[in-house]
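Structure first, then comments.
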Amino acid sequence: MEQNGKRLRKGGAVTVAVSGDAAYYVDSFRRLYDPNVTRIMPHITLAFAAELDALDWMPARPRMREALARIPPFTVQVASVGTFMDDLVLWLRPSAPHGELLALRQTILGLFPAVAFDRVHDFIPHISVGFFAGRQALLQAMNAIRQELVPFSFRVAHLSFLQADEGNIWQCVDAIELGEEEGLDSPTCVQ
């Protein structure tokens, strides 16, 4: 499959985009600590699989759309910082009022039972803002962001299916609205 003139690599992610002013705010941290800031939009990865691509996604799309029609749009709050010390990743912690992020993840996993998704049993919703070579640099960045972080929120109204192109730039291949009524056009990819 091709998008924007470049072939897309195997491997796909189902994400929630950080939207509006929140995206600019998150990117202010990412520009400092994330070497991939220009390769992918700020997001919450709900599910990633190395073998998932548009050829798998598109046949499941009608079932996904039907399942997501039952989940209304919601607001995510972000007020704290976390780390994955084993991978030296710094992230912001999003929370949804009624566990919607986890419900969306379970919906996705249930629609692709044959796909081997990453972190099936230890998923933590997060917005990555930094990747580090050493523990000390990670802890310094965490303390800096913790002092600067102003709690924020953003509205989640759709899911995006992303794949990286051959230049490792992640592209939105498809988007499906939450709470969408049957027969309405799907949104275009928002980045």
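Rule-based calculations on the coordinates, nothing more; no lab input. Everything numeric in this text was worked out from a predicted model, so none of it was measured. Positions of Cβ are generated from backbone atoms using ideal geometry, with glycine treated the same way; all protein chains shown enter the neighbour counts.
The table below gives the values:
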quantity	calculated
Flag if Gln171 is in contact (Cβ under 8 Å) with a residue 40 or more places away in the chain, out of contact with any helix residue (DSSP H, G or I) (no Cβ under 6 Å at 6 or more places or on another chain) and over 17 Å from His126 (Cβ atoms)	yes
Complete set of residues in region 30-53 that are surrounded by fewer than 18 Cβ atoms within 10 Å (Cβ to Cβ) and within 20 Å of Phe117 (Cα to Cα)	Phe48, Ala50, Glu51
